[in-house]
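One structure is given here, and the rest of the page talks about it.
Derivation of every value follows stated rules applied to the coordinates shown; laboratory data play no part. Since the structure is predicted, the reported quantities are computational estimates derived from the model, not experimental observations. Counting neighbours? That spans all protein chains shown, and the Cβs are built from the backbone with ideal geometry, glycine included.
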Ligand SMILES: C[S@@+](CC[C@H](N)C(=O)[O-])C[C@H]1O[C@@H](n2cnc3c(N)ncnc32)[C@H](O)[C@@H]1O
């Protein structure tokens, strides 16, 4: 397994904004009384616990490839069982009634194959629900790409951009067209972000997610310089208001019933 780039505490800084799509995804899953529910790429497990709250009679499990995330999840006072596993190799040992995966598949280039395997792994009438960010073209990501490709950083980070990690919603409808029902939609949230004085809120947000692989490749002094330069670009791209910093964020949702 590759090294762990995740920091659950940094990821958790905007937990309210990050969890909203999970609940909006889950609202479209009409499973009444599932027996076995899996949260694939469960992170630090708080949302897996919500699955256990919604379906108290089910066996609920969460897995994630990040040992740091699973260590934090296991410290929760909650019912789910948490394990370290990778979505590309995970196979359940019995049919699953609900698979949920929130903000994970954008990290997995081969996720279309994973989605097909998950449908096979479902029980008849079982549900798959996933949500992925669709923000590859957002100013935040354009700024990260531009900085990585700039003369100061291209030697180290010039290979950062590997293209949009997810497809349009219609692509997932086509992929899941054999299911008895499929529902796909998009939402652009306009989060209003706060940050402690002197910090850039958009930088704080991406430090928990999109910047992880970049920061992992830099020495601490380089990371400090890189993030300072990025903060300047973010200040221009996302002007602060008196009430906070508006941060539009597009997400794609897919729910299918086998
Ligand atoms: C943005 S976080 C989302 C965590 C959680 N689902 C939530 O909504 O709070 C992305 C998670 O995906 C996990 N992840 C990334 N690639 C993975 C893979 N190949 N297999 C399993 N988990 C993966 C990361 O470790 C991280 O915990």
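Tabulated data
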| quantity | calculated |
| --- | --- |
| Calculated FRET value between residue 169 and residue 232, using beta carbons and R₀ = 35 Å, to 0.05 | 0.55 |
| Calculated FRET efficiency for the pair residue 93/residue 17, C-beta based, R₀ 30 Å, to 0.05 | 0.25 |
| Region 5-63: translational diffusion in µm²/s, Stokes-Einstein, Kirkwood Rh over Cα pairs, 10 °C, 1.306 mPa s | 129 |
| Relative contact order %, region 8-257, counting alpha carbon pairs below 8 Å whose residues are six or more apart | 22 |
| For the chain, built as a Gaussian network whose Cα springs stay under 10 Å, the top-fluctuating residue of 66, 123, 180 | 180 |
| Enclosed volume per residue, in Å³, of the convex hull spanned by Cα atoms of region 173-224 | 131 |
| Choice from 162, 217, 53 showing the highest fluctuation, given a GNM over the chain with Cα pairs closer than 10 Å | 162 |
| All Cα pairs of region 1-111, percent lying beyond 18 Å | 47 |
| FRET efficiency, 1/(1 + (r/R0)^6) with R0 25 Å, evaluated for residue 199 and residue 152 via beta carbons | 0.65 |
| nm² value of the averaged projected area, convex hull over the Cα atoms of region 213-258 | 6.1 |
| Region 8-257: antiparallel DSSP beta bridges as a percent of all, rounded to 5 | 55 |
| Two-decimal Rg to Rh for region 88-223 - Kirkwood Rh, Cα set | 1.04 |
| Contour minus Cα-Cα distance for residue 107 and residue 223 (0.36 nm per residue) | 39.6 nm |
| When the chain is reduced to its Cα atoms, the Kirkwood hydrodynamic radius in Å | 19.2 |
| Region 51-116 and region 1-42: distance between their alpha carbon centers, rounded to Å | 8 |
